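In what follows, a structure is listed as structure tokens, so that the remarks can point back to it.
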Amino acid sequence: MTMITAIDVCKSYGILQVLKDINLDVARGEVVCIIGPSGSGKTTLLRCMNQLEKINSGSLWVNGSLTGYRIIGERLLPLDEHEIARQRRSTGMVFQRFNLFSHLTAQQNVALGPVEVLRQSPKVAAQNALELLERVGLAHKAGAYPSELSGGQQQRVAIARALAMKPDVLLFDEPTSALDPELVAEVLKVMKEVAQTGITMIVATHELNFAREVSHRVVFMADGRIVEVGPPEQILGDPREPRLKRFLGAIGSKDAGAKHEARAVLLSGSSA
Amino acid sequence: MAVETLNEPRIGIPAATLPRLNVATATKIRRLRPLRLIQVVLAVAFLAFITNAFARAAIDWSVVREYLFASTTFIGLGFTILMTIVAMTLGLMVAVLLAVGFGSTNFVIRWMSKSYVWLFRGTPQLLQLLLWYNLALVFPLVGMPGVGYRSTVELITPFVAAAIGLGLNSGAYMSEIIRAGLLSVDVGQYEAAKAIGMTRGKTLRKVIFPQAMRVIIPPLGNEFIGMTKNTSLASVVGFGELIFVMQSIYFYNFKVIEMLMVSAFWYLALTSILSVGQFYLETRFGRGFKDGRQK
């Protein structure tokens, strides 16, 4: 049973083509990590999946329905705003910069969608929100505003907010890239726990260890294309494509990378 | 340039030679500020001069006192307050519709919103008031086929002309304030709201406007205070607000300055109250923004 199917998906901004013939199948319950250099189209692919961006050609299916259109016989009717909003409910999104609603407390952030979109009673939604915050380890911060939370805490609230909508698939757009190094672990831990519940997850990330441990498959993207797909052991341990080898060479092997970086710092330091 | 290692001081002052001091406990010398003293003296002198001038001027303060709390004054004041509230409410409704219209995906709505602002911002407010008041000269009857018609003269009372004239005009100005407020909210907030399945209307009401208010309120407070005083324009179409009442009085008792002093007092009182209200609104909508920026 497939949850997300992309067939020949293309997306461009003006003359800049950011997605080129993307073909991808994600099964129900599967956890897929998308890795690749910045500008490779990871984020855009995720944004197309929940229709923050419109694809230019191909077709993109989420949980059996074509995104953005209704099929009438041989023809397509573009969905209106309300129908798109309805379709988006099947995908939850966690953003790189958290995007918590800054005028609402953590609990209100989580409860807003259920009350306004799912028409839950405010009381029930508040109770559910508290339980979700408990799951991400932040029940004690229920009354805190986003500005009073650390980046890691904000991102955990954002995960709870996405979960509150009971989506079929969760999309993570580089969820730890905007975090201080010491806060990354707490977010990854929560994501790992969420993955273990069996929900479908697609995670654009630079955290190769997370990809290795948690994902069923890893997708490597570069220059708007999917270059290589496979199980994490193979992609990260035995890459075939030269582009992927180069990418892993640049960021992958931690020790070599660290030494390389240290050398770079020394060099730039002495020349200054 | 020589490469230095970073853990050695560049210049050699041994720490032991520095005096042992604590800025918290050491006795401090008071700085003299001779300029400040001069400023105070000048300000007091100026105030004394003004007070003296007004006390000796040809103003009959007993008349001012007499009319300050007269019932006719309160009637005019009441109508000023009423008109401020009515025109401001109308203006705000127009402004919000326009600001939302600017961001509409429908180009007809966008174009209409822009044209409205162009028209109402491009002509004097006084002119607009007079046009509304004299609407009957252009359209003697107003109404709809099948519903019935009414005489425009009956319909456009001074109150209606002033409310429409002031409201529609201020709406054009305030729409830009609201638009600025909407622009001030991070685009990520729109996206996060979309991502949980909210429509544009709901996003604006539940996510964007509550955050935009923080930016909107200070200039809107300005507009409110401006409107309080702009209602005086309505006196030209015969609406009985404060200035109109004061003028009516000095037309028969010739105490022009006295009456104007009375109205000045009450305008100041009104705008002072509004300033306080603005302060509380800003505190209310500043929730979640405790980052040390100036509120």
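The values are calculated or read from the model by the stated rules, or taken from the named source; none is laboratory data. Bear in mind the structure is a predicted one, so any value in this text is a computation, not a measurement. Note: ideal-geometry Cβ built from the backbone for every residue, glycine included; neighbour counts use all protein chains shown.
Does B:Ile59 fit the bill of being touching a residue at least 60 places away in the same chain (Cβ under 8 Å), surrounded by 10 or more Cβ atoms within 10 Å (Cβ to Cβ) and part of a loop (DSSP other than H, G, I, E, B)? Answer is yes for this residue. I need the full set of residues from region B:191-221 which are closer than 21 Å to B:Thr89 by Cα, surrounded by fewer than 20 Cβ atoms within 10 Å (Cβ to Cβ) and within 8 Å of chain A (Cβ to nearest Cβ), in order please. Correct list: B:Lys206, B:Pro210. Residues that are basic (Lys, Arg) number at least 1 in the following helices (runs of 4 or more DSSP H) confined to region B:84-202: B:107-121, B:158-184, B:187-195. From the list A:Val110, A:Val115, A:Val124, exactly one residue is within 23 Å of the chain's Cα centre (by Cα), on the phi < 0 side of the Ramachandran plot, among the aliphatic types (A, V, I, L, M) and more than 7 Å from every other protein chain (Cβ to nearest Cβ). Which is it? Residue meeting the stated conditions: A:Val110. A:Ala106 meets all of the listed conditions (1) over 27 Å from A:Ser40 (Cβ atoms); (2) without any contact (Cβ under 8 Å) to a residue 24 or more places away in the chain; (3) not aromatic (Phe, Trp, Tyr) but one, namely (2). Within region A:127-179, the set of residues being more than 12 Å from chain B (Cβ to nearest Cβ), over 20 Å from the mean Cα position of the chain (by Cα) and among the acidic types (Asp, Glu) comprises A:Glu131, A:Glu134. A single member of A:Ala162, A:Ala178, A:Ala250 is over 26 Å from A:Val9 (Cβ atoms) and part of a helix (DSSP H, G or I), and it is A:Ala250.
The residues in region B:63-96 that are under 25 Å from the mean Cα position of the chain (by Cα) and either modelled with pLDDT under 95 or closer than 30 Å to B:Gln247 by Cβ (or both) can be counted, and the count is 21. Within region B:176-190, being within 9 Å of another protein chain (Cβ to nearest Cβ) and in contact with a Phe, Trp or Tyr (Cβ under 7 Å, 6 or more places away or on another chain) holds for B:Gly188, B:Gln189. In the condition set (1) in contact with a helix residue (DSSP H, G or I) (Cβ under 8 Å, 6 or more places away or on another chain); (2) β-branched (Val, Ile, Thr); (3) within 14 Å of chain A (Cβ to nearest Cβ); (4) surrounded by fewer than 18 Cβ atoms within 10 Å (Cβ to Cβ), B:Val236 is compliant with all but (3).
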